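Some notes on the structure that comes next.
The values are calculated or read from the model by the stated rules, or taken from the named source; none is laboratory data. Computed from a predicted model, the values in this text were never measured in an experiment. All Cβ positions, even for glycine, are placed from backbone atoms using ideal geometry, and neighbour counts span all protein chains on display. Ligands, DNA and RNA are stripped out before the accessible areas are found, and what is left, the full protein with its side chains, is counted by its heavy atoms. Shrake-Rupley method; radii C 1.70, N 1.55, O 1.52, S 1.80 Å.
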Amino acid sequence: MINLSYNVKLALCFIGIFGCYFYYGIVQEKITRGTYGESKERYYYTMFLVFCQCIINALFAKGILLLTGAPSDKTPRKIVFICGVTYVGAMLASNASLKWVNYPTQVLGKSCKPIPVMLLGVFLAGKRYNLVKYISVVLITIGIALFMFKDGKSGDSGFSFGFGELLLLASLTLDGLTGVSQEKMRSYGTRAHFMMMGMNVSALIVMAIGLVVTGELWLALDFCYRHPAIVPEIITFGVASAMGQNFIFITVSEFGPLMCSIMTTTRKFFTILGSVVFFGNTLIIRQWLGTAIVFAGLILDNTFGKTIKTV
């Protein structure tokens, strides 16, 4: 990346991730909630959508590598493949959990993502962080959980752990293992776009098998044939994803997977907070408390939470 200060690089990466994935979310909602044709048919083939997204991601990364004339990468293919498998596994487990838990529960669960990324990085990748780093990550996680949590109805029972929660736990574990693999790749000096291309190609292999086994590939292709208007929307969705991943993998390469997980987790928080500032939506006291805790964690991390190098 261009020789800029630490904070300027971090700010540019955050703005890039925020902007690209804000538009990505708009297009995704248009595809998954919209209707097509005179019969008002809905699109339900999410695995095929992610498959197309990964194709465009991989092509984008390859294009950048060709344009920049990057030297060949020496990262062991086994590590790249494992990273791709855990990456797509976390995504599929999170999406599948929505069949058993509601969306607020999923968001609440995934807000804890920095914790497994940090802990598994320590235990499996040999990372070491100072005490302030641990405190700041916990504060950010608690703050986001308070902000995102939606109070249940008065007749709701207490917390119960079922199959949906188990899938969320699996997703978080796979997020942590993805972080471990990315740390291993960083130790080999893997460049951002080699990492991006390798992970997406590995994910494509896994999803291609899943699409064929489940039969979703043929159903999705038939839908696209009957409703060609969705094709440019899928391409736009993929381009937005590729641009967002470009900033994500620059963040991973420059600052590490823990910082990336903090940025991607707080992205949704800042999106909702932005709606309060610009559109006059209101927050309850608990959400203002969560906001204060998140900012306290971010300020603490930026001021004192520098990482101690891998042992």
>> If I model a spin label at T282 and V212 as a point 7 Å from the Cα along the Cα→Cβ vector, what separation in nanometres do I get?
In response: 5.7
> Restricting attention to the range 1-80, which GluC sites (Glu not before Pro) occupy a DSSP loop and are surrounded by at most 12 other Cβ atoms within 10 Å?
Replying inline: E38
>> Starting from the 7 Å offset along Cα-to-Cβ, what nm value, one decimal, do you get for the label separation of I299 and W100?
In response: 4.1
>> Using each residue's phi in the range 227-234, evaluate 6.51 cos²θ - 1.76 cosθ + 1.60 at θ = phi - 60° and report the 3J(HN,Hα) Karplus result to the nearest Hz, with x for Gly and Pro.
In response: 10, x, 5, 6, 4, x, 5, 5
>> Please list, short to long, the whole-number percent of alpha-carbon pairs of the range 18-124 in consecutive 5 angstrom bins beginning at zero.
In response: 2, 8, 10, 19, 20, 17, 12, 7, 4, 1, 0, 0
>> Calculate the FRET efficiency for K40 and L66 from the Cβ-Cβ distance with a Förster distance of 30 Å, rounded to the nearest 0.05.
In response: 0.10
>> Using only the heavy atoms of the protein chains and a 1.4 Å probe, how would L59, L221, L172 rank by accessible area, largest first?
In response: L59, L221, L172
>> Going by average Cβ density within 10 Å per residue, which order do the peptides 118-129, 191-202 take, highest to lowest?
In response: 191-202, 118-129
